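Below: the structure, in structure tokens.
Quick note: the coordinates plus some simple rules give every number you see, no bench work behind them. Quick caveat, the model's predicted, so the values are computed rather than measured. Backbone-built Cβ (ideal geometry, glycine too); neighbour counts: all protein chains shown.
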Amino acid sequence: MPCTVLVTGANRGLGLEFTRQLLARGEAVIATCRQPAQATALQALGTAHPGQLRVLALDVASEAARVQFTAVLEHTLAGAALDLLINNAGVLQPGERFGQVTQAALEESLRTNAIGPFLLVQALAAHLRDGATVANLSSQLGSIARVARFGTPSYCAGKAAQNMLGAQLAQALAPRGIVVLQLHPGWVQTDMGGPQASLSAQESAAGLLRVIERATPAQSGAFLDWQGQTLPW
């Protein structure tokens with residue numbers, strides 16, 4: 001029986017590639033983005049996989065949007081449960097320089113990269129089956145131990161906060177056997193990673209899906225890269 005998977009931020013980059021690979025495996029996918037009507041590539045996947053992909057609107061940073069999405073999802077699932085939630089939606093403010101970092105950038109990163117994913121899992125907890133997996137797309141830039149230069153502070157702070165909230169989720173959901181992972185995708189050739197990145201989206205997504213599939217309850221709360229290696233906090 002196919003798994004039911006929810007992917008956020010699925011209109012481009014890794015989110016789109018996750019959706020593509022999951023559909024190819026025969027999974028039932030619910031893919032979200034802020035503006036589905038403008039998500040041309042995602043809509044094309046829906047046309048190619050009728051009945052297998054549902055595209056829904058969601059801005060993870062918006063409380064009102066999360067509330068509305070939760071109601072829509074309940075109707076969409078029609079009593080079924082989610083086997084996997086991939087919290088992929090994120091934001092990066094490029095070119096930040098010390099002395100010019102803004103409160104707005106910091107707040108946007110925290111809302112989108114940390115607060116939104118945490119509250120989405122909290123809101124959807126009742127729709128996760130026991131033994132399900134929550135995969136939060138983090139970054140090694142959220143590792144405090146690895147800080148060696150000043151760069152993208154709003155993104156780094158957002159991902160560090162996400163790591164803590166992911167560890168908290170792992171504790172909250174442990175009684176139900178739900179595995180929560182913080183995952184670094186590598187430096188990926190996406191709009192966010194840029195063309196100079198060392199990994200293709202296809203390689204990264206395939207590696208991450210292998211890590212997700214092999215994860216055990218003992219690993220819940222862990223911070224891992226796309227090859228399953230443990231990263232320092």
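What the table shows:
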item: For segment 207-224, 3J(HN,Hα) per residue [Karplus equation, 6.51 cos²θ - 1.76 cosθ + 1.60, θ = phi - 60°, Hz, x = Gly/Pro]; result: x, 5, 5, 5, 4, 4, 4, 8, 5, 10, x, 5, 8, 4, x, 6, 10, 10
item: Label-point gap, in nm, between Gln227 and Ala44 - each point 7 angstrom along Cα→Cβ; result: 3.2 nm
item: Relative contact order, percent, segment 4-225 [alpha-carbon distance under 8 Å, six or more residues apart]; result: 19 percent
item: Helix-only CD estimate at 222 nm, as mean residue ellipticity for the chain, using -39500 (n - 2.57) per DSSP H run (n ≥ 4); result: -11500 deg cm²/dmol
item: Nitroxide proxy distance, nm - points 7 Å out along Cα→Cβ at Arg146 and Ala80; result: 3.5 nm
item: Of all DSSP beta bridges in the chain, antiparallel share, percent nearest 5; result: 5 percent
item: Net charge of Cβ neighbours under 12 Å - reference Ser204; Lys, Arg +1; Asp, Glu -1; result: -2
item: Rounded if a/c under 1.5, otherwise prolate or oblate - segment 4-225, Cα gyration tensor axes; result: rounded
item: Gained length - Cys3 relative to Ala57, 0.36 nm times residue gap less alpha-carbon distance; result: 17.3 nm
item: Distance in nm between pseudo-label sites at Ala64 and Ala24 (7 Å out along the Cβ direction from Cα); result: 4.0 nm
